[in-house]
Amino acid sequence: MIPPIAAEPIAYLGSFPITNALVNAWIAVVFFVVACWFLKRRITAGLPGKFQNFAEAVVEFFLGYVDQVTHDRARSKRFLPLVGSFFIFILFSNWLGQLPGTGSITVTALVHGSIEKVPLLRPAASDLNLTLAMALLSVIVSHLLGIITIGFFKHWNRFFAVGNIINGFKKGGINIMVGLIEAMVGLIEFSAEIAKVLSLSLRLFGNIFAGEVLITVLYSLVAFILPLPFMGLELIVGVVQAMVFAMLSLVYLTILTEKPHGSEAEHKQDEIGEAHGTGHLHDRHPSLA
Amino acid sequence: MDAESVRIFTKGITMAIGGIGPAIAIGLLVAKAMEAIGRNPESSGKIFVPMLLGAAFAEAIAIYSLVVVFTL
């Protein structure tokens, strides 16, 4: 009895369906809220207790990894809340979906017009709604932070490079061609953003859902020793997928908050610097001035 | 050839063809990573994480075809 692609609703809050994947997601959220509440109650600037020590070690570790991608402490600190939350939430909900009872404890519920037994728990990321929401959040936040960091027009010019076309027409000749080609590349980049959302959501959904189907099918074949190596594989897949999702979000954030290369302003700055004799060649010998 | 049997065939062929490309890609990737580690055994920590990232990217393509199979 393979679990269906859409998570089954087990209760209704008014007309809002509460699905079994949603129950798992809420368990994860409640766990983190309670853990953070405990941490906040006992946080001290003096000698830290065991839990605070552990939390600080985790934060330092992630900050080091994020630094390796952004090469910039200020931006790392800005991105760490979102990226770290993605990683820890996805990791915990993937591992929570491996606990015994997931997929086997059933309740009777009205599903698609017939009363049947439906699993009470299901891995949270095996619901496409959750992964799609997280992927949309990741890409939209990266665009918003890009607009906030480098300004609206520079961000717009990445995709719809109107400024490049106009400059190309001003200079004439081959620059018209170059400007048009850069404009086309910008349009392709725009469709790549849609592909980013789809690939982020479908990758996580596909991995976790396929794992769930695999374990269910194995339970129906030989319920006792055979699923064990595959459950180990699912644990590894849970870690890898959480890492991939968080790292990809981080890379998108980093790329969109960097200054675009080859812009006109940079070339003008270099020319002015050379003309005034304060170009980069003189940076190493300040005493000679 | 009614619709149901065509659907079953399509499921099998989709997954079979859709798995070839990612399998070759991951094989090449890990082979290059092994080669690099063989040349410079100290860099195995630095190579491992990008290799895993690249393998997850390549595997995502196979996952797309798996999602098509589930949808059919």
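Brief remarks follow.
- Output for the range B:22-39, where each listed residue is touching a helix residue (DSSP H, G or I) at 6+ places or on another chain (Cβ under 6 Å) and either in contact (Cβ under 8 Å) with a residue 24 or more places away in the chain or surrounded by 17 or more Cβ atoms within 10 Å (Cβ to Cβ) (or both): B:PRO22, B:ALA25, B:ILE26, B:LEU29, B:ALA33, B:ILE37
- Single residue of the range A:217-236 satisfying the filter (in contact (Cβ under 8 Å) with a residue 60 or more places away in the chain and surrounded by fewer than 18 Cβ atoms within 10 Å (Cβ to Cβ)) that is nearest to the chain's Cα centre (by Cα): A:LEU235
- Hey, A:ARG122 basic (Lys, Arg) and out of contact with any Pro (no Cβ under 8 Å at 6 or more places or on another chain) or not: no
- Just one of the listed residues (A:LEU110, A:LEU180) is under 30 Å from A:PRO260 (Cβ atoms) and either free of Cβ contacts under 8 Å to residues at least 40 places away in the same chain or part of a strand (DSSP E or B) (or both), namely A:LEU180.
- Residue in the range B:40-52 that is exposed (fewer than 14 other Cβ atoms within 10 Å of the Cβ), among the aliphatic types (A, V, I, L, M) and part of a helix (DSSP H, G or I) present: yes
- Every condition in (1) under 21 Å from A:ALA246 (Cα atoms); (2) touching a Pro at 6+ places or on another chain (Cβ under 7 Å) is met by A:ARG73 except one, and the failing one is (2).
- Among the residues of the range B:55-72, just one is closer than 16 Å to A:VAL237 by Cα and more than 10 Å from chain A (Cβ to nearest Cβ), namely B:ALA58.
- When A:TRP37 is tested against (1) more than 22 Å from the chain's Cα centre (by Cα); (2) within 30 Å of A:LYS259 (Cβ to Cβ), exactly one condition is not met: (2).
- Some residue of the range A:156-163 being part of a helix (DSSP H, G or I) and modelled with pLDDT of 90 or more: no
- Here A:GLU182 passes the criteria (1) under 20 Å from A:LEU22 (Cβ atoms); (2) away from every other protein chain (no Cβ under 14 Å); (3) not small (Gly, Ala, Ser) except the one numbered (1).
- Flag if A:GLY206 is farther than 23 Å from A:VAL69 by Cβ, among the small types (Gly, Ala, Ser) and buried (at least 19 other Cβ atoms within 10 Å of the Cβ): yes
The values are calculated or read from the model by the stated rules, or taken from the named source; none is laboratory data. Owing to the predicted nature of the structure, the values given are computational and were not obtained by experimental measurement. For neighbour counting, all protein chains shown are included, and Cβ atoms are generated from backbone atoms with ideal geometry for every residue, glycine included.
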